[in-house]
C-alpha cells in the first residue's frame, strides 16, 4: 500500500528542523520506506510504502509518530505534537434519542455516530483542498472532504449519511442475505452473496456496504441539511472478502481489511466534529452514540536481557532499550533483568510476542549499527542432487536447440482437467479452479499468446501435474513438456529424438490414440516396452506438442557414455536421392538401410517434392572399402528398398 503525504501536513504534528531529504533517509532506514520526494508548489510530497502489518503508519499522524522516535537516533531533534480537539462538551453514551441502533458486535467491534444539524454544503478551504490533492484525492464538497481528510490524517475511515434519508432514523448493522441488492455511491448495483457487512434503515432498505462504500439511498447531496457522522471498526476478513469479490477497492476498504485500532475511533469522530463546526457551521448533538461492548485491554509481553541479546547479537544498555520502546509509546518496566512491555492499542495487531518487541528495539537501534560478519564455510555453488543435475542438463540441451523455457500456472479451468481433479475451495476465478492433470491446455495457451510474434518458436516447461488419487491428495508428477509453432513435424520430432540420444535412450515411436490429441495424430514414445512420453497434435490445434515423465527418463537414461574406439579404417560416405510412394515412413527406410552389415550410419539430409536424400556411411572394421565393394553394397540396399517400399533412384 502506498500513500502520499504533504511535508507541511506532517509538520503539523512533528516539531523538527529536519529537511525533507533527511526525513526520507532516516525514516527509510528505521521505519516506513519513503520511495521518493516530489516538489508540490512550495511544498514537498512524500511517496511512502506502507507494509501490510503496519497500517498504523498509513496516515499523517502515524508517519509523524514514527519520525519522532527515529530522528533523535540520528542526532536530529524531533517531538510529536499530540492529537488535540476543540470538542470538549461531547459525551459518549450507549443510547441516543436521535438514532435507533442495532449492531452485531461480531461484525463491528465499535460503532460510533453523532448527528450534526443545519450543515452548509459548499467548497472546502484551500488548505484542505491542497492537502487532499497532494494525497491523490479529489475535492468534492466540504462534507465529503471531511471524511477523506480525517482518513488521511489519522488513518481512520469515516463515513457521512444524509440523516433525513435514513427511514425511521433507524440503523441495523447485520450480515447480508444471499441475493440482496445494494446500489453504492458510484451508482453501481451489486447482488450480494451473503455474509457481507451491511446497514439497513427502518424500512429494511440497504443504505451502506459497510467498510467498502456507502449506499446511494443515504448519500449526502447539495440539499442535505442534517448529517450523521459515522466512525466504526469492522471485521477485516469480511471487508476483504466483500471488496475483492465485488472488485470495489476503496481506500477505506484497504485500511479496514488490515485491521484498525478501535481506540482510534474516539479521536477520529472528535476530529470530524471539529471540522464540521469550522467548515460546515454545523450544530453538533452533545451525545455521541458509542457501542463498544469489548474495549481493548492492553497487551503485556515479557522478555529478559539474555533473550534480547541472544536474538540481537549485541548488548544494548537497559536504559537505551527502555528509551527506544518509550519513544514508540510502548510502556515498559524493568524488574531486574526482566522487562515487561505494554503494547499500545495501535500496535496490538502486529505485536504479539517477545520477538516482535525485539524487532522494535532492533529497528530503532538501527540495523545499520548491527555488527557485520562475512559468512564462513564452503559454498557448494550447485546442487549435489544427481536428478536435479539431470533436469538442468535437459533444459540446457533444449535451450541450445532454440527452445525457450516458460512457466505456466498450475491452476486451470474445469474444461482442462480430467475427472477427479482437485478443486480449490476459494479460487480467484473460473479459469483457475482446478489443479491441472495435463499441460496441454497451458502450453497451447502460451503458444497462442506468442503466435505472430515469431515465425516459429519452441516453448518448453518442466513442472508438475497433479494426478487424482482416491481418498488422498493428488500425486505430483514432474513432466517435461514442449510445444512447437511453425515447425514441420519431422523437424520437431528430430529435436525430441536428439534429446533422447543425448541422454542415451533408444526410443521407438508407435501410433496411438490419446485424450487431448487429434485422432490419428499422436505417437507413444517407447523405450523397450515402457512408454516414457508422447508427441503429436493437440485437438483442434496446429501446434506440435510433446510430453515426458521426467522420473522415467532419469531412471532409464544411461549415466555414462559407452566407449567406442576410433575405427582404424576410414568410412566411405555417399548421398543417394530416392523417390517413394506417398506415406512411406522414412524411419523404416532408414532402419532398412542400417540393416546392411557394412553401413556404419545413415542420415536423412533433405527432402524436396517427394524425394528424400540419405547420407550413408560405409565402413569395414578390417579394411578400407573399395569403390567396387561400396557399389556392390549399394545395389543390395537399393534392391531391398525397391522390393520393400517401392523406392526408386531419382532421375
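Every read-out reported here was derived from the displayed coordinates using simple, explicitly stated rules and does not represent laboratory data. Fair warning: this is a prediction, and the values are worked out from it, not measured in the lab. In this analysis, Cβ positions are derived from the backbone assuming ideal geometry, glycine residues included, and neighbour counts consider all displayed protein chains.
Taking every DSSP helix (H) stretch of at least 4 residues in the chain, weighting each as -39,500 (n - 2.57) and dividing the sum by the residue count yields a mean residue ellipticity at 222 nm of -8500 deg cm²/dmol.
Can you put 231, 137, 566 in order of Cβ neighbours within 10 angstrom, beginning with the fewest?
On the way: 231 27, 137 18, 566 4.
The most exposed by this proxy come first: 566, 137, 231.
Rounded to the nearest 5, the antiparallel percentage of DSSP beta bridges internal to the chain is 90%. May I ask for the angle, rounded to the nearest 10°, between helix 386-400 and the longest principal axis of the chain, with both axes built from Cα atoms and the value confined to 0 to 90°? The two axes meet at around 80 degrees. Only one of (1) 1.37; (2) 1.01; (3) 1.45 was calculated from the structure for Cα Rg over 2.2 N^0.38 Å, and its label is (3).
Rounded to the nearest 10 degrees, the inclination of helix 440-450 to the longest alpha-carbon principal axis of the chain is 80 degrees. Working ranking of peptides 581-590, 61-70 by packing, defined as the average number of other Cβ atoms within 10 Å per residue, highest first, is 61-70, 581-590. Placing dummy labels 7 Å off each Cα toward the beta-carbon, the span from residue 36 to residue 582 is 6.5 nm. What is the helix-to-structure angle for 627-645, meaning the angle in degrees between its Cα long axis and the longest Cα principal axis of the chain, kept from 0 to 90 and rounded to the nearest 10? That works out to roughly 70 degrees. For region 386-556, give me the percentage of DSSP beta bridges that are antiparallel, rounded to the nearest 5 percent. Beta bridges within region 386-556, antiparallel portion: roughly 90 percent. Beta bridges per DSSP, both residues in region 91-291: antiparallel share near 80 percent.
Which order results if 433, 22 are arranged by neighbouring Cβ count within 10 Å, fewest first? Could you put the intermediate results ahead of the total?
Values: 433 20, 22 15.
In increasing order of surrounding Cβ atoms, one gets 22, 433.
Would you mind ranking 159, 368 so that the residue whose beta carbon has the fewest other beta carbons within 10 Å leads the list? If you can, show how the numbers build up before the last one.
On the way: 159 23, 368 8.
Exposure proxy ranking, most exposed first: 368, 159.
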